[in-house]
């Protein structure tokens, strides 16, 4: 029993470290001076190389069918655009605004998922969605000077919800690490083509990041992408999906706190912003808690009948 408790404690600790790392990706996005397109290109390229080394070292079979390969590459394009819009939102506003709006991903996922899995939209999810919209209204109302960043961050949240739902269908056939590997390849290919066609690929920042940017990019592509992803998979072997999802919803909290301590006054927002963000976060975190205990209560009632 003591050993089991120690394992669970270490697993919870790992999970919170991973969520902290996820929140730190936004910090790196602000620290890196490259434009969002180039930033994401480097992140995905470094992730591809690191994933490949990891998969080969672990003896993973990289073979996939042509149909699955096309799907994985396609989702990779969506992830690339999601990251470009996410880091674009940070550069248009700041870390707090981007993460505050990114917390709405759960809302968009709840509306996107029924279309792919042919299930009815939950009225409780719609109700939570309306509360989240109220939080968004407060952010829009008090942070109008960050309007462009807010809109781009919301687009990023929609894309995050989309690729999350698509990955849920793909994960049934392949390991998550292999899925991520091919998705990173798809993103690199798409961004390379776009940069080449648009002529942006000839810009010096794309070819030669500064040494400090390169350090941050390696950190972003290895620790924040490959390491965090593989440890998250390990954590899910010991914890329920409910606990993992609930904890990952804390990412904006960790990110906003980190941004405030690292960047100081540039991340100080109005009271209305914090109230709106708090409403969104309480809704996102409170909903799975209420659903979890409601499910337990229904099971208990059915057993007594």
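The helices (runs of 4 or more DSSP H) falling completely within the stretch 115-233 include none with 2 or more residues that are touching a strand residue (DSSP E or B) at 6+ places or on another chain (Cβ under 9 Å) and either farther than 22 Å from residue 249 by Cβ or modelled with pLDDT of 80 or more (or both).
Do you know which residues across the stretch 120-139 are touching a residue at least 40 places away in the same chain (Cβ under 8 Å) and under 17 Å from residue 278 (Cβ atoms)? Result: 128, 131, 132, 134, 135, 136, 137, 138, 139.
Any idea which of 45, 8, 55 is surrounded by 12 or more Cβ atoms within 10 Å (Cβ to Cβ), touching a helix residue (DSSP H, G or I) at 6+ places or on another chain (Cβ under 9 Å) and modelled with pLDDT under 90?
Exactly one of 45, 8, 55 is surrounded by 12 or more Cβ atoms within 10 Å (Cβ to Cβ), touching a helix residue (DSSP H, G or I) at 6+ places or on another chain (Cβ under 9 Å) and modelled with pLDDT under 90, namely 55.
Looking only at the stretch 20-37, count every residue that is in a helix (DSSP H, G or I) and surrounded by fewer than 24 Cβ atoms within 10 Å (Cβ to Cβ) and tell me the total.
The qualifying residues number 12.
Restricted to the stretch 268-285, and to residues there that are surrounded by fewer than 19 Cβ atoms within 10 Å (Cβ to Cβ) and in contact (Cβ under 8 Å) with a residue 60 or more places away in the chain, the residue that is nearest to residue 129 (Cα to Cα) is 278.
The values are calculated or read from the model by the stated rules, or taken from the named source; none is laboratory data. Remember, it's a predicted structure, so these values are computed and weren't measured experimentally. Glycine gets a Cβ as well: all are built from the backbone with ideal geometry, and neighbour counts include every protein chain shown.
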